[in-house]
């Protein structure tokens, strides 16, 4: 289990904890993925699954936090964010603001963005060019619009998440 108090604080800064739908759970996974990529170490490791990077530990902690919030809110440890953590929250918010819209659309873009980033940064691809990352992603999942790959890649470049 990670630091649930810290997770709670970050989620409060990023819009709260919602787990009622598949889309909300996907948004949680991808938001925390990018928060960690912008420099916050919450200790959640991700593997690549059907919908991109996924952490079962994060899911467990999120449901624990939800139960704790509903049943014993006074027991949630209160955490303060460091200046570096506040900076990472700001970067994450700026990044997310570029793709906010209907939650289903946001979930689609976050899945695409996190999948591209994960494959570029963590998978074994010799000579990690944009084209090789695109091809690896096409091998792993159906892409509904290949133009979206370029749009997503360019957004990752603008936020210094890929080169």
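For the reader, a short list of remarks on this structure follows.
- Per-region count, segment 131-157, residues farther than 17 Å from residue 108 by Cβ and within 19 Å of the chain's Cα centre (by Cα): 2
- The sole residue among 114, 74, 79 that is in contact with a strand residue (DSSP E or B) (Cβ under 7 Å, 6 or more places away or on another chain) and either surrounded by 14 or more Cβ atoms within 10 Å (Cβ to Cβ) or in a helix (DSSP H, G or I) (or both) is 114.
- Meets criteria (without any contact (Cβ under 8 Å) to a residue 40 or more places away in the chain and surrounded by 17 or more Cβ atoms within 10 Å (Cβ to Cβ)) for residue 137: yes
- Residue 105 fulfils the conditions (1) touching a helix residue (DSSP H, G or I) at 6+ places or on another chain (Cβ under 8 Å); (2) at pLDDT below 90 except for a single criterion, (1).
- Of the residues making up segment 140-155, those that are surrounded by fewer than 17 Cβ atoms within 10 Å (Cβ to Cβ) and closer than 24 Å to residue 91 by Cα number 4.
- Looking at 26, 90, just one residue is in a helix (DSSP H, G or I), farther than 24 Å from residue 148 by Cβ and at pLDDT 95 or above, and that residue is 90.
- Among the residues making up segment 93-111, none is outside any helix (DSSP H, G or I) and buried (at least 19 other Cβ atoms within 10 Å of the Cβ).
- Segment 1-23 - residue that is out of contact with any helix residue (DSSP H, G or I) (no Cβ under 7 Å at 6 or more places or on another chain) and either over 18 Å from residue 86 (Cα atoms) or in a helix (DSSP H, G or I) (or both) and, of those, modelled with the lowest pLDDT: 5
- The number of residues in segment 29-71 that are over 19 Å from residue 106 (Cα atoms), assigned to a helix (DSSP H, G or I) and either without any contact (Cβ under 8 Å) to a residue 24 or more places away in the chain or more than 14 Å from the chain's Cα centre (by Cα) (or both) comes to 12.
- Where a residue in segment 81-93 is free of Cβ contacts under 8 Å to residues at least 60 places away in the same chain and its partner, wherever it lies, is part of a helix (DSSP H, G or I) and crowded, with 19+ Cβ neighbours inside 10 Å, with Cβ under 8 Å and at least six apart: 88/35
The values are calculated or read from the model by the stated rules, or taken from the named source; none is laboratory data. Because the structure is a prediction, the values reported are computed rather than measured. Neighbour counts are summed over all protein chains in view; Cβ atoms, including those assigned to glycine, are modelled from backbone coordinates with ideal geometry.
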